[in-house]
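The next block holds one structure in the form of structure tokens; read it before the comments.
The values are calculated or read from the model by the stated rules, or taken from the named source; none is laboratory data. Only a predicted model underlies this, so the values are computations on that prediction, with no experimental measurement involved. No Cβ is skipped: glycine too gets one built from the backbone with ideal geometry, and neighbour counts run over all protein chains shown. Side chains included, ligands, DNA and RNA excluded: accessible areas come from the protein's heavy atoms. Shrake-Rupley method; radii C 1.70, N 1.55, O 1.52, S 1.80 Å.
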Amino acid sequence: RIRYVEVSGKGGHITGLPLYYRLTPEETLAEISERWLQLTLRSNPHMADAQYFGWPPFHRFGLNAGIICASLGLQVTDIESLIAYPEQWLPRFAEAEARYPEARAACDFFRNEYLPMRPANRERLTNAFRDKIVQFSTDPLLSRQFGAKVPGIDWEEVDAEGLTVLLDFSRETNTELRRFKMLWLFDYFFSWLKTRGRRSYPMALMIDEFASMTQKVFSGENPFAVEMAEFIQEYLRNSNIWLTVAHQSIEQLDEQLRNTVFSLGTYLFGRAPVPEARILADVLFKRDPMRVKHYRKVWGKIDPPPYSSRYGYSHYDSDLWLRMPQYPYFVLDTEPEYMSLEDQQEEAANLIAELGPFRFLCRPALREGEVSQSVIP
């Protein structure tokens with residue numbers, strides 16, 4: 001019932017993680033090729049800011065090269081040869097066109113544009129792409145893993161047999177490579193999920209150390225946040241998926257991804273430092289603009305009766321004056337002093353910051369589409 005996958009491959013068993021794979025017969029070669037390119041962008045969102053040596057040339061060359069490989073049953077590990085010796089690939093271009101007529105545009109790109117280029121222009125076009133694939137060709141372990149013909153995990157089998165799949169990334173010490181593999185496996189699962197449709201029984205997905213899958217993006221759009229928003233908002237309910245994500249600190253996520261995570265129904269959290277607690281309090285605790293902080297006393301004063309040098313005090317006034325308390329001020333009324341929204345947020349943040357060991361707060365989902373307005377211990 002349990003499938004254990006040691007993702008680094010250092011334990012002696014290598015699980016295939018091919019970049020070009022076909023999930024359904026209806027998939028086009030461009031869709032197969034595009035998956036890895038978009039995955040690389042999510043792993044390195046700052047590529048989008050480099051227009052001349054970043055995403056545009058990487059995408060242009062990578063899309064055409066991926067279409068050629070997908071049509072011939074090759075993998076990214078074979079593209080180094082295509083970059084260096086495109087002339088030797090002319091027979092393969094003809095074979096690709098014969099197998100899949102949709103590959104003709106990619107073959108024409110290499111025959112009519114790439115081949116006539118001067119070496120300097122070729123290098124400029126392929127520089128970003130080569131930087132991303134060099135590890136696949138130089139590391140024998142990665143070459144076997146990403147050069148495999150089919151993925152080592154069959155999600156359809158997992159779903160049909162009710163298996164539990166444990167993906168262990170603990171031995172993957174390279175931070176960037178660990179992020180890429182986590183994204184690859186999530187993307188592979190998500191791509192399969194889009195073909196699964198809704199089934200009567202649920203499938204649970206649990207992601208620990210969720211922040212390891214992303215980098216903070218301080219300006220512009222975070223591609224991974226966009227994908228997660230699509231996954232949560234469109235596919236969780238429709239495909240009957242139970243999603244749990246765990247992270248050490250909400251500050252590990254940029255604002256866009258943070259808001260996406262907060263859209264999940266149930267949130268469970270423990271003690272956090274005050275800056276992070278303020279973020280949690282702002283989102284999870286309901287604030288009431290009419291909440292009364294305290295009631296302020298409104299004081300009144302009784303003036304002495306008027307005195308006339310001719311008549312003195314009138315009989316009525318003198319009786320009233322004698323009955324007055326010695327202190328002439330008294331509480332006339334009370335009026336509410338409202339607690340500001342900022343003070344309410346600070347109160348909630350202190351509640352989070354002062355939680356003891358093994359004490360947690362929960363903002364629960366009550367039912368489908370409805371979230372509780374209260375936070376409970």
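On the basis of being touching an Asp or Glu at 6+ places or on another chain (Cβ under 9 Å), surrounded by 16 or more Cβ atoms within 10 Å (Cβ to Cβ), in a loop (DSSP other than H, G, I, E, B) and small (Gly, Ala, Ser), does residue 71 make the cut? No: the conditions fail for residue 71. Could you please find all residues in region 103-158 being open to solvent by less than 50 Å² (accessible area, probe 1.4 Å) and β-branched (Val, Ile, Thr)? Within region 103-158, 126, 133, 153, 158 qualify. Taking region 170-202 as the range and being open to solvent by 20 Å² or more (accessible area, probe 1.4 Å) and over 21 Å from residue 225 (Cβ atoms) as the test, the residues that pass are 170, 171, 173, 174, 195, 197, 198, 199, 200, 201, 202. Looking across region 146-160, the residues that are outside any loop (DSSP other than H, G, I, E, B), in contact (Cβ under 8 Å) with a residue 12 or more places away in the chain and charged (D, E, K, R) come down to 156, 159. Look at region 358-369: where a residue is more than 14 Å from residue 263 (Cα to Cα) and open to solvent by 40 Å² or more (accessible area, probe 1.4 Å) and a partner is modelled with pLDDT of 85 or more and charged (D, E, K, R), sitting 6+ places away or on another chain with Cβ atoms under 8 Å, you get 359/271. Could you tell me whether residue 42 is crowded, with 20+ Cβ neighbours inside 10 Å and part of a helix (DSSP H, G or I)? In short, yes. Residue selection: residue 193 fails the criterion of being in contact with a Lys or Arg (Cβ under 7 Å, 6 or more places away or on another chain) and part of a helix (DSSP H, G or I). Select from region 79-94 the residues that are open to solvent by 50 Å² or more (accessible area, probe 1.4 Å) and in contact (Cβ under 8 Å) with a residue 24 or more places away in the chain and write down the one among them that is nearest to residue 34 (Cα to Cα). Checking each candidate, the answer is 80. Those strands (runs of 3 or more DSSP E) of region 282-377 in which 2 or more residues are modelled with pLDDT under 90 and out of contact with any helix residue (DSSP H, G or I) (no Cβ under 9 Å at 6 or more places or on another chain) occupy 292-301, 329-338, 365-367.
What number of residues in region 247-264 are in a loop (DSSP other than H, G, I, E, B) and within 21 Å of residue 351 (Cα to Cα)? So the count comes out to 3.
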